[in-house]
Amino acid sequence: MSDLVIRDAIPADIPALHALIESAYRGEASRAGWTTEADLLDGQRTDPEELAGIIADPDQALLLAWQDHQRVACVRIQRFADGLGYFGMLSVKPTLQAAGFGRRMVAEAEAALAQRFGAVRIRIQVFPQRTELIAWYERLGYVATGEIAPFPYGDLRFGEPRRGDLSFVLFEKALT
């Protein structure tokens, strides 16, 4: 993984970035990896307009990882108030999952949030049904806050729920 190049996404990256994110989260292609949400949601994970908005926002960025001239992973970072940063939309090409790219992108997100935005704590949110993903984040030092955030039912920009009990559990990690 030493030849992995990570940089901020630019508008020209949006079509390939969108395809990468959708392949990691939705549809049959996502089942090649272990991070699929295909059993929880149908429809889209994001759209090009949302990605363009993230790229244009000075309080956010999409970090994009390249290896051998192909996009292999990405993560969204965002500045919140009072030293709190957020990352989400962590995506790794499904056929490359479990090879260390996700862990590397989390480390890059944490470093970028600290350096760019002065974050001293990082927040993430995960579906409680994703127990294997929660265990992975806990191994990376993330701790449940006890808070739950609602899923935006009715907003198809976030997907079409396959069940009625979706929400997000919040996790945080202090940066040292």
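The values are calculated or read from the model by the stated rules, or taken from the named source; none is laboratory data. If you're wondering where the values come from, they're calculated on a predicted model, not measured in any experiment. For neighbour counting, all protein chains shown are included, and Cβ atoms are generated from backbone atoms with ideal geometry for every residue, glycine included. Ligands, DNA and RNA are stripped out before the accessible areas are found, and what is left, the full protein with its side chains, is counted by its heavy atoms. Shrake-Rupley method; radii C 1.70, N 1.55, O 1.52, S 1.80 Å.
Here are the numbers:
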quantity: Residue among ILE10, ILE14 that is open to solvent by 10 Å² or more (accessible area, probe 1.4 Å), modelled with pLDDT of 95 or more and touching a helix residue (DSSP H, G or I) at 6+ places or on another chain (Cβ under 6 Å); calculated: ILE14
quantity: Breaking point among (1) crowded, with 17+ Cβ neighbours inside 10 Å; (2) out of contact with any Asp or Glu (no Cβ under 8 Å at 6 or more places or on another chain); (3) of a type in the set (A, V, I, L, M, F, W, C); (4) touching a residue at least 40 places away in the same chain (Cβ under 8 Å), for VAL106; calculated: (4)
quantity: Residue identified as open to solvent by 60 Å² or more (accessible area, probe 1.4 Å), under 23 Å from GLY159 (Cα atoms) and modelled with pLDDT of 95 or more among GLU28, GLU49; calculated: GLU49
quantity: In the stretch 63-96, residue modelled with the lowest pLDDT [restricted to those that are assigned to a strand (DSSP E or B), within 16 Å of LEU17 (Cα to Cα) and of a type in the set (D, E, K, R)]; calculated: ARG71
